[in-house]
1. Scan segment 154-166 and report the pairs whose first residue is free of Cβ contacts under 8 Å to residues at least 60 places away in the same chain and whose second residue is assigned to a loop (DSSP other than H, G, I, E, B), with Cβ atoms within less than 8 Å and a gap of 6+ or a chain change.
2. Scanning segment 312-346 for residues that are aliphatic (A, V, I, L, M) and buried (at least 19 other Cβ atoms within 10 Å of the Cβ), which turns out farthest from Phe238 (Cα to Cα)?
3. Out of Ile250, Ile313, Ile308, I need the residue that is assigned to a strand (DSSP E or B), of a type in the set (A, V, I, L, M, F, W, C) and more than 24 Å from the chain's Cα centre (by Cα). Which one?
4. Whether any residue in segment 152-165 is in contact with a Pro (Cβ under 8 Å, 6 or more places away or on another chain) and outside any strand (DSSP E or B) is what I want to check.
5. List the pairs whose first member sits in segment 271-298 and is acidic (Asp, Glu), whose second member is surrounded by 16 or more Cβ atoms within 10 Å (Cβ to Cβ), and whose Cβ atoms are under 7 Å apart, counting only residues at least 6 apart or on separate chains?
6. So which residues in segment 166-194 are assigned to a helix (DSSP H, G or I) and of a type in the set (Gly, Ala, Ser)?
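Here, each number is a calculation from the coordinates, and none is a lab measurement. The model shown is predicted, which means the values in this text are computed figures rather than measured ones. Counting neighbours? That spans all protein chains shown, and the Cβs are built from the backbone with ideal geometry, glycine included.
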Amino acid sequence: MASDVRRRLPDPALNLEPPVSALRQETTPAGTFFVRNNGILPDPDAEAVRVWTLAVGGEVRRPLSLTLAALRERFEEVEIVSVLECAGNGRAGFSPAVEGLPWGHGAVGCARWTGFRLGDLLAEAGVADSAVYVGFESPDHAIGRPGVPALSRGLPIGKALAPETLVAYAMNGAPLTAEHGSPLRIVAPGYPGSAWQKWLHRVVVLDREHDGAKMTGLDYRMPSRPVSPGEEPNPAEFQVITDMPVKSLIHDPAEGFEARGPLTVRGFAWSGHVPVRCVEVSADGGATWQAAKLEPGSGPWAWRRFTIEGLAIPAGPAEVMARATDRQGRSQPLDPAWNPRGYLNNAVHRVRGQVLSD
């Protein structure tokens, strides 16, 4: 078996990040995919999985509690290819630095997810007219605090009922592993990874925004107005992160490259609910941009490969940048928009190296 190329981030919880150079495939292998956790992972053995149940309660007419076998028998199996990205991906790129795990650019991947629609499960339970949000509960617990949930995120009811939102039990054609949420996890394309709750065992339908663990304060929230470094943030001015911004990633050439002659630049681009329109590449600090070839993805939620060949760069130190733009005209900025928790860094991806003379 190949060794794990992912680095472990400095945190008591298990958090793993692959190098960007490992993200060359249209479908990211489970063993390469980043891992984000807030607490102690449950590790269900075969018997625990066999007796696992998923309950649905709250603002519903028919509360449910179904085994895995019953869920798979009752609901249509569907597949979707989707990017999954941590909201803190790129946090190490903020200046001044912010608190939190110092993710580089590797807290993202694209996989084929198999499961059933969360909307079908909620329809079976009979969602009440009062429903506004759904909350998710799992058995992982906070570090050093058994019984205290590590994470309990949720979704607005519209996203919970959307056809792309799944309860998944497989990733890339194989059962979910413990680190990726076995036996059940939420798949919420276009939303940050925090909304993709792992080890799912209860869904609660609410008549208000969910207030579970890591849903309040500044957790996974962005300010509704610019906040300057050193300013005391007001939690009332922060909103839950929903749609992810347009973004791109260069996997070739790799950081620290040495090359001769014109370069070929390859990578992936993705966005949230607004599709990617184009990708451009610059080798002169953003003074000029050249359009890259953008290939179709494996569905509306998958990332899309881009390529540009014959990029002429003078000999010497070089920096290549990629900039994606969505169909609403929103482009990646040259620098990230600073915020206290270091979320949503979608600045252009920069790769530095050396072009050798002939």
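1. Sorted first by the residue in segment 154-166, then by its partner, the pairs are Leu155/Thr165; Leu155/Ala188; Leu155/Tyr191; Ile157/Ala131; Ile157/Val132; Thr165/Ala188; Thr165/Pro189.
2. Only one residue tops the list, namely Ala318.
3. None of the others qualify; the one that does is Ile308.
4. Scanning segment 152-165 turns up at least one residue that is in contact with a Pro (Cβ under 8 Å, 6 or more places away or on another chain) and outside any strand (DSSP E or B).
5. The qualifying pairs are Glu280/Trp289; Glu280/Ala292; Glu280/Arg323; Glu295/Arg304; Glu295/Arg305.
6. Passing the criteria: Ala178, Gly193, Ser194.
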